[in-house]
1. How far apart, in nanometres, would the label points at VAL56 and ARG34 be if each is projected 7 angstrom from Cα along the Cα-to-Cβ direction?
2. Considering only the other residues whose Cβ falls under 12 Å of the Cβ of LEU25, what net charge follows from Lys and Arg at +1 and Asp and Glu at -1?
3. Using the beta-carbon distance between LEU82 and ASN46 and R0 = 41 Å, what value does 1/(1 + (r/R0)^6) give for FRET efficiency, to the nearest 0.05?
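Rule-based calculations on the coordinates, nothing more; no lab input. The structure presented is a predicted model; accordingly, all values stated were derived computationally and were not measured. With ideal geometry, Cβ positions are generated from the backbone for all residues, glycine too; neighbour counts draw on all protein chains shown.
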Amino acid sequence: MSLPEKLASLRKQKGLTQQNLAETLNVSRQAVSRWEVGAAVPTTDNLRVLSELYSVSVDYLLSDNATESLKSAKVQIILCSLLLCKMVLVFWTATVTIPPKMAVSFTKFAVQLCPMN
């Protein structure tokens, strides 16, 4: 979602008109309208006030790919967790001789701890 789309959507979610928002920010209604159609961009100070008013970060307002960044971060966490599990399993099996029955139990535990799907 682009900045203009976010600004219009968040304003409507708050139940504000363009005029209400303009009065809050001490700007003209036309300025708010231009922000929401992409003809202009709010000043840094206005972006800060908007982020506080809407309880979102300035980064969220300015980033078109905030959702993608979040997904990417989650994938990184999962990959790191899987790598850590693999390292623990390799280290543990290299330092401990275990009977076959225990090996099967540990493998089941490791699969539950670090699912591959």
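1. Calculated label separation equals 2.2 nm.
2. So the surrounding residues net to 0.
3. 0.40
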